[in-house]
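The structure under discussion appears below in the form of C-alpha cells.
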Amino acid sequence: MTDKLLITGGVSLGGEVRIAGAKNAALPILAGTLLADGKVTLSNVPHLHDVTTTLELLGRMGVTLTIGERMCIEVDAREIKRFSAPYELVKTMRASILMLGPLVGRFGRADISLPGGCAIGARPVNLHLEGLRAMGAEVSLENGYIRARAERLHGARLVLDMVTVTGTENLMMAAALADGETVIENAAREPEVTDLAEFLNGMGARIRGAGTDSIHVAGVERLAGTRYRVLPDRIETGTYLVAAAITGGRILCRDTRPDLLDAVLVKLREAGARIETGPDWIRLDMAGRRPRAVDVYTAPYPAFPTDMQAQLCALNSIAEGVGTVTETVFENRFMHVLEMQRMGADIRLEGNVAVCRGVERLTAAPVMATDLRASAGLVLAGLVAKGETLIDRIYHIDRGYDNIEEKLATLGARVRRISR
Ligand code: UD1
C-alpha cells in the first residue's frame, strides 16, 4: 500500500508557512549523538520518515530515546549494545552511512550495510572509507557490509577528491575523538556541515573552519551531553518559495534563514519575484505574473543546490522563455523531467543539461515520484497543471518534507493524500 497525492492545479498560493528543522542537519546530528558520553537534547527536529529511520537505527543499537512535544528528542547513547546498521533500514535511507564515523570514532567498530543502488546515480562512499583508513581504521567489505575496526583513530591530513557532504560529516565526527589533529581539505561548505560542527563543539569537540573548505579537528578524549536546536531547512524553504512563484502567488516563510538561500533567491528574483527578507523570514510576491525562465547550474554550496534542481525545472516548464538547468553534482538526476514531459512540459535532455522551453500551461497526468527532490518537482508541476495530478510513490516525499499536504493546503492548494 502506498500513499498517493492528488493535486488539483490552478490555485495561486498565498499565506504563511512555518519552516521545519533541516533534514540534512538533523540526520548527521542524530548520528553525532553516538559520540556523547552524556544526554543530548535536540529541538527543532523535523517530523520526517528519514528521522524516524534514524531513531530506529539508534534504538536498535541500544540508545535510549525520549521523544517529547514538538519533536524535542532526548538521546542517551552512553550504553550501546550493537554497532551495526542493517540492510533493511539502510536500503531505505542512504544517510545511514552517517553512523559509520561516530561508531568507529567512539567504539572502534561498525558494521554498516552498503546502501546499494540509488535512483539518482551511483553515489559511492569510497571517500568516507579512504578517510577512515587514513585515520588508522581497518575497513573491509563483507557480505554487503562495511566492516570497520580500529583502536583509537589518529589524526590525519585528508584531501577529499570530491566535495562530499556526508563524507565531510562522517570524517569530522570520526576525528572528534581521535588522537591528534585531523585536517579535512576540500571539505563541503554546506550550512548543515557547519550546524553539525557547532553541535559537536557544544559537546566539547574542537572543530575550526567548518563552513570553509579546510576543517581542522583537534581530537579530544571525551564528548559530553548538550542541548542543540537544529537549523532551518533551506531546501524546504526554497521549495515553498518556488510553489508560490510558480503559481503567481505570495508567501511568507517563517522560522527560516534567508542567508542560507542566496543562490536560490537570486534565481527567483531573476524569474521576476519580489523578495523581502528579515533575520528569520522571507516574503516572496509574484503578483499573479508568469515567471521568466532562468538558467541554473548546480554545484556544492554556496552555489545553487542540486536539491532544488527539480523544483527549478518545474518553474522553467511554465515560465516565459527558455531556461537551461545544468546538473553537475549527480548523474541521472533528471527522472522528474520524463514525468514532467508527460504533463506537457517542453524539456529536452542533453546529457546533464535540461533545456526547458516554457509552455503556458501543463496538463495533469498520473505521475510517479522516483526520489525525494524529484517528487517535490512533481508536486510543484501539479500545482500549476490543468486538472488532477495523481502522484504515486509519495513515500519519497515523506522522507524529506514535514507535513507537506497540510502546509500546502494552508496556503490554499487543493491537495489530498490518498491511502489505499
Ligand atoms: C548530501 C545530501 C543530499 C544532497 C547532496 C549534495 C544529506 C543527508 N544528503 O548527500 O541531500 O543532494 O549532499 O548536496 O546531507 N561522491 C563520491 N565518493 C564519495 C562520496 C561522494 O564520488 O565517497 C560523489 C557522489 O557520487 C556525488 C558527489 O560526490 O556525485 C556529491 O555527493 P555527496 O555530497 O556525498 O552527497 P551526499 O552526502 O550523499
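For this structure, a couple of remarks:
- Residue match in the stretch 216-223 (condition: charged (D, E, K, R), surrounded by 18 or more Cβ atoms within 10 Å (Cβ to Cβ) and in contact with a Gly (Cβ under 8 Å, 6 or more places away or on another chain)): no
- Subset tally (residues that are out of contact with any helix residue (DSSP H, G or I) (no Cβ under 8 Å at 6 or more places or on another chain), within 15 Å of the ligand (Cβ to nearest atom) and at pLDDT 90 or above) for the stretch 108-150: 6
- Qualifying residue in the stretch 217-233 (condition: acidic (Asp, Glu), without any contact (Cβ under 8 Å) to a residue 60 or more places away in the chain and in a loop (DSSP other than H, G, I, E, B)): yes
- Residue within the stretch 184-196 that is in contact (Cβ under 8 Å) with a residue 60 or more places away in the chain and more than 14 Å from the ligand (Cβ to nearest atom) present: no
- Members of the stretch 165-183 found to be free of Cβ contacts under 8 Å to residues at least 60 places away in the same chain and surrounded by fewer than 24 Cβ atoms within 10 Å (Cβ to Cβ), listed by number: ASP179, GLY180, GLU181, VAL183
- Here the stretch 87-107 is the region considered, the condition is being modelled with pLDDT under 95 and more than 16 Å from the ligand (Cβ to nearest atom), and the residue that is farthest from GLY144 (Cα to Cα) is GLU88.
- Which listed residue, of ALA376, ALA365, ALA381, ALA369, is among the small types (Gly, Ala, Ser), more than 14 Å from GLN311 (Cα to Cα) and out of contact with any Cys (no Cβ under 6 Å at 6 or more places or on another chain): ALA365
- The residues of the stretch 268-280 that are under 18 Å from PRO191 (Cβ atoms) and touching a helix residue (DSSP H, G or I) at 6+ places or on another chain (Cβ under 7 Å) amount to a single one, THR277.
- Some residue of the stretch 252-273 being assigned to a loop (DSSP other than H, G, I, E, B), at pLDDT 95 or above, crowded, with 16+ Cβ neighbours inside 10 Å and of a type in the set (S, T, N, Q): yes
- Within the stretch 335-368, considering residues that are within 16 Å of the ligand (Cβ to nearest atom) and in contact with an Asp or Glu (Cβ under 7 Å, 6 or more places away or on another chain), the one modelled with the lowest pLDDT: MET335
- Of the listed requirements (1) in contact with a strand residue (DSSP E or B) (Cβ under 7 Å, 6 or more places away or on another chain); (2) within 16 Å of the ligand (Cβ to nearest atom), ALA26 misses just one: (1).
- Selected residue (only one of VAL294, VAL329 is in contact with a helix residue (DSSP H, G or I) (Cβ under 8 Å, 6 or more places away or on another chain), within 14 Å of the ligand (Cβ to nearest atom), β-branched (Val, Ile, Thr) and not in a strand (DSSP E or B)): VAL329
The values are calculated or read from the model by the stated rules, or taken from the named source; none is laboratory data. Owing to the predicted nature of the structure, the values given are computational and were not obtained by experimental measurement. Using ideal geometry, Cβ is built from the backbone for each residue, glycine included, and neighbour counts are taken over all protein chains shown.
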